[in-house]
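S.K.: Okay, here's the structure, questions in a sec.
The values are calculated or read from the model by the stated rules, or taken from the named source; none is laboratory data. Everything quoted here is computed from the prediction, not taken from an experiment. Note that each Cβ is placed from the backbone with ideal geometry, even for glycine, and that neighbours are counted across all protein chains shown.
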Amino acid sequence: MNGTVALVTGASRGIGRAIAERLAAAGAEVAVHYHQDKDGAEETLARIGGRGFVVGAELGVPGDVDEVVEQVSAGLAGRRLDVLVNNAAAPPAGPIGTDSEAAFDRLMAVNVRAPYFLIQRLLPVLADGGRMANPAQTSFAMTKGALETMTRTLAQELGARGITVNAVAPGATRTEANGAFFEVPGLSELIVAQTALGRLGSGEDVAEVVAFLASPAARWITGQVVDASGGLHLGVGQQAGQQVG
């Protein structure tokens, strides 16, 4: 990936940072996007040896895409964008019984609308043969379902340009942002017991999958949702059936 440029949204920490680090290790220059954590984004940039630039913008608000595109275009300085990773996402807002219209609208704005229009606006500078990737409560699951559908339709639409479009579906992935969640007594053990590979995932696990999809080796894979969960829930249905029988 030497000489390529990638934009990773939400790259100030967690899975986004791991993806930025992995792509940089493969030779890419990375536009490190963040919303609030500028220090985290600067740390990500430092960890990849300064090979890239920082992009600061809140997603899901009016003018968000304009702000991102303006900063990315300045950083590209006339070059093409080779890889777009829509990693940033708003967290789940809760079960449907306690959800609110404002929280639902926020989820849709960040998790669906922002990636959609970011892709639209960046298509003119996305190199032919480029790569796009899009990395639980009802409303949250709806946003991810929308991204999966968008992945398939865009793969068909952009195939003529040699652009591949794939989504990565992580399982239980522990990061610094959600570490407290996995401290609930017994929760990690329960998840690990339902995971074929016998452990929680890490940001680096997901980053390796994204790096593969962004590489020339994945040039014949498009329109797919790649499970990067370590085999979460693979045997649950079968075990349940055995118990009932």
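S.K.: Going through A167, A155, A114 one at a time, which residue ends up being among the small types (G, A, S), under 30 Å from I96 (Cβ atoms) and in a helix (DSSP H, G or I)?
M.R.: Step by step, each of A167, A155, A114 is checked, and only A114 is among the small types (G, A, S), under 30 Å from I96 (Cβ atoms) and in a helix (DSSP H, G or I).
S.K.: Suppose we keep only residues that are at pLDDT 95 or above and surrounded by 18 or more Cβ atoms within 10 Å (Cβ to Cβ) within segment 54-63. Which one would you say is farthest from M150 (Cα to Cα)?
M.R.: That would be V54.
S.K.: Hey, could you check segment 106-149 for residues that are closer than 14 Å to T164 by Cα, buried (at least 22 other Cβ atoms within 10 Å of the Cβ) and of a type in the set (A, V, I, L, M) and say which is nearest to the chain's Cα centre (by Cα)?
M.R.: Checking each candidate, the answer is A133.
S.K.: Also, I was wondering about something else. Is it fair to say A46 is at pLDDT 95 or above, aliphatic (A, V, I, L, M) and either surrounded by fewer than 24 Cβ atoms within 10 Å (Cβ to Cβ) or touching a His at 6+ places or on another chain (Cβ under 7 Å) (or both)?
M.R.: Against the criterion (at pLDDT 95 or above, aliphatic (A, V, I, L, M) and either surrounded by fewer than 24 Cβ atoms within 10 Å (Cβ to Cβ) or touching a His at 6+ places or on another chain (Cβ under 7 Å) (or both)), A46 qualifies.
S.K.: Turning to a different aspect of this structure: Which count do you get for residues in segment 90-142 that are at pLDDT 80 or above, more than 27 Å from A211 (Cβ to Cβ) and small (G, A, S)?
M.R.: So the count comes out to 5.
Yes/no matrix, rows are residues, columns are (1) part of a loop (DSSP other than H, G, I, E, B); (2) of a type in the set (A, V, I, L, M):
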| position | (1), (2) |
| --- | --- |
| G75 | no, no |
| I96 | yes, yes |
| M108 | no, yes |
| D128 | no, no |
| M142 | no, yes |
| M150 | no, yes |
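S.K.: Filter segment 224-240 down to residues that are crowded, with 16+ Cβ neighbours inside 10 Å and of a type outside the set (V, I, T) and give me whichever is nearest to T149 (Cα to Cα).
M.R.: Restricting to residues being crowded, with 16+ Cβ neighbours inside 10 Å and of a type outside the set (V, I, T), the top hit is Q224.
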